[in-house]
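The values are calculated or read from the model by the stated rules, or taken from the named source; none is laboratory data. Just so you know, these numbers come straight off a predicted model, no measurement behind them. So basically every Cβ, Gly included, is an ideal-geometry build from the backbone, and we count neighbours across all protein chains shown. Remember, those area values only see protein heavy atoms, side chains included, never the ligands or the DNA or RNA. Shrake-Rupley method; radii C 1.70, N 1.55, O 1.52, S 1.80 Å.
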Amino acid sequence: MKATIEDMVQTRIPTAHGEFILHYFSNSIDDKEHVAFVKSEVAGKEDVPVRIHSECFTGDVLGSRRCDCGEQLEMALQLIEQAGYGILIYLRQEGRGIGLLKKLQAYNLQDQGLDTVDANIHLGHLADERQYDIAALILEHLQVKSVALITNNPQKIDELTRLGITVSKRIPIETSVHEDNLSYLKTKVEKMRHMLSMHKKDKDG
């Protein structure tokens, strides 16, 4: 049976990056609270800037430098604000879908020498267990004609295309490279085909 979603509430959220409307969705797949941050009118528009961001408590909330998630979240909101319209979909699939507990256990394995992919596999998971069915349903509900996807991840483009979403182009989102995230970013490039130049250094890099 095809998954369904329901747009249960929309509310105005002023942020440091401008004003957005936050949509709260329920769904028939899981009991998680997936949301969409929508800037201005997007229905019927083409090339809508869209970021599909998977939850990262350590990066998004605590500002962890082990990953690029928190910085990507901020950059995506800035890009959408600059464009004047767009969508940030926040999917509750922590740790590439393995959950917070397993992600933290994977961190300890990484400190022992494994990379992010091998750590997940060691714990009995796939390198990336994220799914984008709900994101596709949200984009259909918001009636966008095509998206300019803010991503470095080719799998995300492939999955959305498979789910019937027209990805008209890609907007790169490269964050700073430094000692704490260098191994993580190199693994993304070498094992997950992420499109990163690895040239953007921060002042301690």
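Among the criteria (1) farther than 18 Å from LYS32 by Cα; (2) surrounded by fewer than 21 Cβ atoms within 10 Å (Cβ to Cβ); (3) in contact with a helix residue (DSSP H, G or I) (Cβ under 6 Å, 6 or more places away or on another chain), the one SER146 does not fulfil is (3).
Taking first residues from the stretch 160-173 that are open to solvent by 80 Å² or more (accessible area, probe 1.4 Å) and partners that are at pLDDT below 95, the Cβ contacts under 9 Å between residues at least 6 apart in sequence or on separate chains come to ARG162/TYR132. Taking the criterion of being without any contact (Cβ under 8 Å) to a residue 24 or more places away in the chain, out of contact with any Gly (no Cβ under 7 Å at 6 or more places or on another chain) and open to solvent by less than 40 Å² (accessible area, probe 1.4 Å), the only residue of the stretch 65-94 that qualifies is LEU73.
Tell me, please, whether a residue that is of a type in the set (Phe, Trp, Tyr), more than 14 Å from the chain's Cα centre (by Cα) and under 20 Å from ALA36 (Cβ atoms) can be found in the stretch 57-69. No, the stretch 57-69 contains no residue that is of a type in the set (Phe, Trp, Tyr), more than 14 Å from the chain's Cα centre (by Cα) and under 20 Å from ALA36 (Cβ atoms).
If we keep just the residues of the stretch 133-189 that are basic (Lys, Arg) and not in a loop (DSSP other than H, G, I, E, B), which is farthest from ALA119 (Cα to Cα)? Walk me through how you get there before you give the answer.
So the first thing to find is which residues in the stretch 133-189 are basic (Lys, Arg), and the list is 145, 156, 162, 169-170, 186, 188.
Cutting the leftovers down to not in a loop (DSSP other than H, G, I, E, B) gives us 156, 162, 169-170, 186, 188.
Numbers: LYS156: 21, ARG162: 28, LYS169: 32, ARG170: 29, LYS186: 15, LYS188: 13 Å.
Among those residues, the one meeting the criterion is LYS169.
If you go through the stretch 105-116 and keep only what is in contact (Cβ under 8 Å) with a residue 24 or more places away in the chain and either more than 19 Å from the chain's Cα centre (by Cα) or surrounded by fewer than 17 Cβ atoms within 10 Å (Cβ to Cβ) (or both), you end up with TYR107, GLN110, ASP115.
Residues of the stretch 63-109 that are in contact with a helix residue (DSSP H, G or I) (Cβ under 6 Å, 6 or more places away or on another chain) and among the small types (Gly, Ala, Ser): GLY63, SER64, GLY70, GLY86, GLY95, ALA106.
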